[in-house]
Amino acid sequence: DRRGRSAALNMVITETGAASAVAKALPDLDAPITGSSIRVPVPDVSIAILSLRLGRETTREEVLDYLRNVSLASPLKRQIDFISAPDAVSSDFIGSRHASIVDAGATKVDGDNAIL
């Protein structure tokens, strides 16, 4: 099992429950979701990169407005945080009580494709 191979010194690709959590958190996403995880030698936090094909073309601003509103004024506001700090790094999120944090600066949109 690769997860046991000197994890303190290597990046290791493995499975993650993040994709199923996203499907539950955003039930309006009417498409299959899969995901992988890359374990890295840091003491806390993790990263998930979502590559989505949306039902229509949109803009980065529209996607970010939607995610910002979900993080501020929806039943998920205690689970999802939204940041726009250009210098954010993983250690900034240690101790966060949110299950996920949307990084606006890392969000890319091209037509009907979005990467979060």
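Values in this text are rule-based calculations from the coordinates and carry no lab data. Bear in mind the structure is a predicted one, so any value in this text is a computation, not a measurement. Positions of Cβ are backbone-derived with ideal geometry, glycine not excepted, and every protein chain shown enters the neighbour counts.
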Counting DSSP beta bridges with both ends in the stretch 1-113, the antiparallel % (nearest 5): 60
Val102 long-range amide H proximity, modeled H, under 5 Å: Asp81, Phe82, Ile83
Candidates Asp103, Asp28, Asp44: whichever shows maximal mean-square fluctuation once the chain is modelled as a Gaussian network with Cα springs under 10 Å: Asp28
Per-residue ³J(HN,Hα) for the stretch 105-116, Karplus 6.51 cos²θ - 1.76 cosθ + 1.60, θ = phi - 60°, Hz, x for Gly and Pro: x, 9, 7, 10, 9, 9, x, 9, 10, 10, 10, 10
222 nm mean residue ellipticity, helices alone, for the chain (DSSP H n ≥ 4; -39,500 (n - 2.57); rounded to 500): -5500 deg cm²/dmol
Cα-projected label distance for Asp92 with Asn113, points at 7 Å along beta-carbon direction, nm: 2.6
Label point distance in nm, Ala23-Arg39, each placed 7 Å from Cα along Cα→Cβ: 2.3
